[in-house]
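The values are calculated or read from the model by the stated rules, or taken from the named source; none is laboratory data. Everything quoted here is computed from the prediction, not taken from an experiment. All Cβ positions, glycine included, derive from the backbone under ideal geometry; neighbour counts span all protein chains shown.
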Amino acid sequence: MCGIVGAVAERNVVEILLEGLRRLEYRGYDSAGVAVINGEGDIERVRRTGKVQELSSAVAENPVRGFVGIAHTRWATHGGVTEANAHPHFSSERVAVVHNGIIENYLKLKTELQAKGYQFTSDTDTETIAHLVDHKLQSGDSLLSAVQSAVKKFDGAYGTVVMDKQQPEKVVVARSGSPLVIGLGFGENFIASDQLALLPVTRRFIFLEEGDVAEISRTDIHIFDKNGEPVEREVIESNIQHDAGDKAGYRHYMLKEIHEQPVVVRNTLHGRLQDNGVSSEIFGENAQDILAKVQHVQIIACGTSYHSGMTARYWLEQHANVSCNVEIASEFRYRHSYVHPNSLLVTISQSGETADTLAALRLAKESGYMASLTICNVPGSSLVRESDLAFMTKAGAEIGVASTKAFTTQLTALLMLTAAIGQHKGMAQDKMQAILKALHSLPAKLEEALNLSDAIETLAEEFSDKHHSLFLGRGDQYPIAMEGALKLKEISYIHAEAYASGELKHGPLALIDENMPVIVVAPNNELLEKLKSNVEEVRARGGIMYVFADKDAHFKSDDTMRVIDVPHVDAIIAPIIYTVPLQLLSYYVALIKGTDVDQPRNLAKSVTVE
């Protein structure tokens with residue numbers, strides 16, 4: 001969601017800040033702003049609702065210049081989408097603040113500050129940070145001590161950067177529950193909520209830990225932990241790539257990322273498969289010992305990542321012979337759950353900064369889990385740093401808000417985890433070889449699925465006047481139906497629900513008529529005949545079916561059913577392959593509906609607040 005960029009340099013930092021914001025546009029936002037300390041020692045600020053381009057145009061018309069500055073893209077939580085609510089926020093024309101997260105006790109703090117004479121000009125929780133820091137500065141505190149004192153009063157999550165025009169050579173940053181990374185330059189330093197924002201100026205980063213407060217100048221960085229003690233944090237050289245400026249000829253990032261799936265899955269597999277199995281060590285140091293002891297797997301995730309976990313439950317229980325629970329992170333963290341003996345906690349997140357998933361990991365560490373493993377796409381992220389084991393999916397930067405290639409690489413990783421655990425649970429060698437063969441075939445099979453693009457684009461035209469839809473799947477295709485429904489609602493704004501097809505007669509059949517398209521995923525597996533019976537139940541009630549079926553499943557198109565033949569694949573990788581046509585369907589329907597495909601309304605790429 002919200003994005004932060006800051007800089008302290010001996011050059012004008014405005015374009016650095018704006019470029020950083022452009023690189024964070026994928027996260028989702030509704031307004032943007034920039035503030036710098038100018039040559040006269042005053043803070044100049046420009047804010048706009050809408051896209052970063054609106055802010056850039058405003059800066060071009062009325063240039064601002066400064067060597068110290070902060071910038072922000074806002075995703076509204078407190079207060080509507082207005083220029084007054086956009087960051088940075090001021091206090092007394094002296095202090096400027098940008099902030100990611102939510103200050104849960106801001107109303108109490110606001111009342112206290114109003115009693116001290118502070119006037120609020122926005123509806124945000126963030127403005128309380130600016131006024132509280134200013135109040136501490138009035139007592140003669142340094143900016144560092146003012147921020148350290150102020151953050152002790154906050155309940156909630158924050159990643160914040162503060163400037164004081166009376167101390168113009170530095171910024172102070174604080175992190176609790178919302179990520180911040182320091183970028184190291186030569187005679188200049190930077191801060192951002194995501195290292196992608198800083199790649200044009202540095203490849204050397206320090207990831208702040210929970211509770212850290214840091215004072216950053218051109219030449220020095222001083223970091224203090226949650227107890228106020230000075231600490232050293234590791235400097236990491238990043239080789240992460242960012243291609244947000246290049247759609248490679250595709251109309252949208254989402255379409256580009258759908259078509260990248262054969263390549264990124266090949267990258268995920270590269271060097272990780274052996275002739276006789278999957279090495280446990282690809283999941284991290286000591287993984288061999290940990291996976292050998294696993295008797296239960298608890299998967300925690302949100303959104304698309306939750307659907308990958310649901311799919312993995314079928315694989316783990318059927319092929320690895322271990323029990324598995326899957327839970328939405330925001331539910332798991334607020335209930336008392338039973339911890340099975342020798343239980344492995346698996347978190348799944350594209351960004352590695354998903355707030356609910358991260359909180360669930362921290363809770364689990366106190367609950368007696370044997371070990372934790374994260375499946376993630378971002379090296380150096382909080383989940384990676386705080387988990388015992390980590391598997392990097394190597395999907396590359398995913399810019400479209402609706403996840404595509406991150407999902408298929410997560411599924412690939414989870415199938416490899418199934419094989420790795422299965423090796424320790426007596427998996428028969430013929431089953432292991434079948435999994436390895438299927439994994440090796442994945443990139444080519446994904447290419448075949450992408451060849452359905454033209455037929456699906458034509459099919460999508462029938463959704464131009466639709467407002468509701470149902471998705472059906474059985475077994476490990478049920479989570480894929482859920483993911484298909486999520487994609488359609490995310491980017492086309494069509495209401496979509498997914499059901500295990502055996503549940504039709506328990507309620508959803510009441511919705512079936514000629515205006516309710518029903519999308520079915522139908523691989524040629526042991527549940528096919530059961531699924532065909534469910535299809536007939538829909539047809540008997542006048543429903544229009546859109547069936548993505550194995551070419552050998554013997555479905556035929558007619559007036560009530562449109563069939564798209566999907567290449568035959570091994571049953572174990574069918575969930576991964578059948579994801580692709582559903583992604584393409586949602587994309588082409590969104591084109592017809594005229595929505596913002598890459599940045600759908602109200603959504604954010606990285607959800608770093610609860």
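Assessment of segment 444-464 against the conditions (within 22 Å of Asp565 (Cα to Cα) and β-branched (Val, Ile, Thr)) yields at least one matching residue.
Return yes when Ile206 is in contact with a Leu (Cβ under 9 Å, 6 or more places away or on another chain), in a helix (DSSP H, G or I) and not charged (D, E, K, R) and no when it is not. Considered against the rule, which asks whether it is in contact with a Leu (Cβ under 9 Å, 6 or more places away or on another chain), in a helix (DSSP H, G or I) and not charged (D, E, K, R), Ile206 comes out as no. For segment 272-301, filtered to residues that are hydrophobic (A, V, I, L, M, F, W, C) and in a helix (DSSP H, G or I), the residue that is surrounded by the most Cβ atoms within 10 Å (Cβ to Cβ) is Phe283. Restricting attention to segment 248-257, does a residue exist that is at pLDDT below 95, of a type outside the set (S, T, N, Q), in a strand (DSSP E or B) and surrounded by fewer than 19 Cβ atoms within 10 Å (Cβ to Cβ)? So far as segment 248-257 goes, no, none of its residues is at pLDDT below 95, of a type outside the set (S, T, N, Q), in a strand (DSSP E or B) and surrounded by fewer than 19 Cβ atoms within 10 Å (Cβ to Cβ). Checking Val162, Val147 one by one, the residue that is in contact with a strand residue (DSSP E or B) (Cβ under 6 Å, 6 or more places away or on another chain) and not in a helix (DSSP H, G or I) is Val162 and no other. How about segment 302-336: which of its residues are part of a strand (DSSP E or B), at pLDDT 95 or above and hydrophobic (A, V, I, L, M, F, W, C)? Matches in segment 302-336: Cys324, Val326.
Quick one: count up the residues across segment 317-333 that are without any contact (Cβ under 8 Å) to a residue 24 or more places away in the chain and not charged (D, E, K, R). Walk me through how you get there before you give the answer.
The first filter runs over segment 317-333 and keeps only residues without any contact (Cβ under 8 Å) to a residue 24 or more places away in the chain, leaving 317-318, 331.
Those left that are additionally not charged (D, E, K, R): 318.
Result for segment 317-333: 1.
To keep it simple, each residue is scored yes or no on (1) at pLDDT below 90; (2) more than 25 Å from Arg601 (Cα to Cα); (3) surrounded by 22 or more Cβ atoms within 10 Å (Cβ to Cβ); (4) within 26 Å of the chain's Cα centre (by Cα).
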{"position": "Ala460", "(1), (2), (3), (4)": "no, no, no, no"}
{"position": "Lys466", "(1), (2), (3), (4)": "yes, no, no, no"}
{"position": "Pro479", "(1), (2), (3), (4)": "no, no, yes, yes"}
{"position": "Ala485", "(1), (2), (3), (4)": "no, no, yes, yes"}
{"position": "Lys489", "(1), (2), (3), (4)": "no, no, no, yes"}
{"position": "His495", "(1), (2), (3), (4)": "no, no, no, yes"}
{"position": "Ala498", "(1), (2), (3), (4)": "no, no, yes, yes"}
{"position": "Glu503", "(1), (2), (3), (4)": "yes, yes, no, no"}
{"position": "Gly507", "(1), (2), (3), (4)": "yes, yes, no, no"}
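For segment 337-350, the set of residues classified as buried (at least 23 other Cβ atoms within 10 Å of the Cβ) and part of a loop (DSSP other than H, G, I, E, B) consists of Gln350 only.
When Glu331 is tested against (1) touching a strand residue (DSSP E or B) at 6+ places or on another chain (Cβ under 9 Å); (2) acidic (Asp, Glu); (3) surrounded by fewer than 18 Cβ atoms within 10 Å (Cβ to Cβ), just one condition goes unmet, and that condition is (1). Across segment 360-379, a minimum of one residue is classified as part of a helix (DSSP H, G or I) and within 17 Å of the chain's Cα centre (by Cα). Just one of (1) closer than 30 Å to Gln350 by Cβ; (2) outside any helix (DSSP H, G or I); (3) in contact with a helix residue (DSSP H, G or I) (Cβ under 8 Å, 6 or more places away or on another chain); (4) of a type outside the set (D, E, K, R) fails for Gly66. It is (1). Condition check: within 23 Å of Val547 (Cβ to Cβ), surrounded by 15 or more Cβ atoms within 10 Å (Cβ to Cβ) and either aliphatic (A, V, I, L, M) or at pLDDT below 95 (or both). Does Leu446 satisfy that? Yes, satisfied.
Mind telling me which of the residues Glu448, Glu462 ends up being farther than 25 Å from Leu511 by Cα and part of a helix (DSSP H, G or I)? Break it down stepwise before answering.
Numbers: Glu462 fails: farther than 25 Å from Leu511 by Cα.
Of Glu448, Glu462, the one residue that is farther than 25 Å from Leu511 by Cα and part of a helix (DSSP H, G or I) is Glu448.
The set of residues from segment 44-76 being surrounded by fewer than 16 Cβ atoms within 10 Å (Cβ to Cβ), within 23 Å of the chain's Cα centre (by Cα) and among the polar types (S, T, N, Q) is empty.
Looking only at residues of segment 362-385 that are in contact (Cβ under 8 Å) with a residue 40 or more places away in the chain and touching an Asp or Glu at 6+ places or on another chain (Cβ under 6 Å), we find that the one that is nearest to Ala402 (Cα to Cα) is Ser381. When you scan segment 360-379, do you find a residue that is among the aliphatic types (A, V, I, L, M), buried (at least 24 other Cβ atoms within 10 Å of the Cβ) and touching a Pro at 6+ places or on another chain (Cβ under 8 Å), even just one? Checking segment 360-379: not a single residue is among the aliphatic types (A, V, I, L, M), buried (at least 24 other Cβ atoms within 10 Å of the Cβ) and touching a Pro at 6+ places or on another chain (Cβ under 8 Å).
Mind telling me which of the residues Ile375, Ile421 ends up being among the hydrophobic types (A, V, I, L, M, F, W, C) and touching a Ser or Thr at 6+ places or on another chain (Cβ under 8 Å)?
Values: Ile421 fails: touching a Ser or Thr at 6+ places or on another chain (Cβ under 8 Å).
On inspection, the qualifying residue turns out to be Ile375.
What's the number of the only condition in (1) buried (at least 24 other Cβ atoms within 10 Å of the Cβ); (2) in a strand (DSSP E or B) that Ala390 fails to meet? Here Ala390 clears every test but (1). In segment 34-43, the residue that is surrounded by the fewest Cβ atoms within 10 Å (Cβ to Cβ) out of those that are out of contact with any helix residue (DSSP H, G or I) (no Cβ under 7 Å at 6 or more places or on another chain) and part of a strand (DSSP E or B) is Ile43. So, in segment 169-194, exactly how many residues are surrounded by 18 or more Cβ atoms within 10 Å (Cβ to Cβ), out of contact with any Phe, Trp or Tyr (no Cβ under 8 Å at 6 or more places or on another chain) and either free of Cβ contacts under 8 Å to residues at least 40 places away in the same chain or over 20 Å from Ile236 (Cβ atoms) (or both)? Of the residues in that region, 3 qualify. Report whether or not Ala395 is in contact (Cβ under 8 Å) with a residue 12 or more places away in the chain, within 23 Å of Ala287 (Cβ to Cβ) and not in a loop (DSSP other than H, G, I, E, B). Spelling it out, it is not the case that Ala395 is in contact (Cβ under 8 Å) with a residue 12 or more places away in the chain, within 23 Å of Ala287 (Cβ to Cβ) and not in a loop (DSSP other than H, G, I, E, B). In segment 211-235, the residues that are under 16 Å from Val8 (Cβ atoms) and modelled with pLDDT of 95 or more form Cβ pairs under 7 Å with partners that are in a strand (DSSP E or B) and among the charged types (D, E, K, R), at six or more places apart or across chains, as follows: Glu215/Lys170; Ile216/Lys170; Ser217/Lys170; His222/Glu215. What number goes with the only condition from (1) aromatic (Phe, Trp, Tyr); (2) assigned to a helix (DSSP H, G or I); (3) touching a Phe, Trp or Tyr at 6+ places or on another chain (Cβ under 9 Å) that Phe471 does not pass? Evaluating Phe471 over (1) aromatic (Phe, Trp, Tyr); (2) assigned to a helix (DSSP H, G or I); (3) touching a Phe, Trp or Tyr at 6+ places or on another chain (Cβ under 9 Å) leaves (2) as the failure.
Restricting to segment 3-41, name every residue that is of a type in the set (Asp, Glu), without any contact (Cβ under 8 Å) to a residue 60 or more places away in the chain and under 18 Å from Gly187 (Cβ atoms). Give the steps one after another, and end with the answer.
Keep residues of segment 3-41 that are of a type in the set (Asp, Glu), which gives 10, 15, 19, 25, 30, 40.
Pick out the ones that are also without any contact (Cβ under 8 Å) to a residue 60 or more places away in the chain and you get 15, 30, 40.
Once the filter is applied, which keeps residues that are of a type in the set (Asp, Glu), without any contact (Cβ under 8 Å) to a residue 60 or more places away in the chain and under 18 Å from Gly187 (Cβ atoms), segment 3-41 yields only Glu15.
Would you say Leu132 is in a helix (DSSP H, G or I) and either touching a residue at least 24 places away in the same chain (Cβ under 8 Å) or of a type in the set (Gly, Ala, Ser) (or both)? Spelling it out, it is not the case that Leu132 is in a helix (DSSP H, G or I) and either touching a residue at least 24 places away in the same chain (Cβ under 8 Å) or of a type in the set (Gly, Ala, Ser) (or both).
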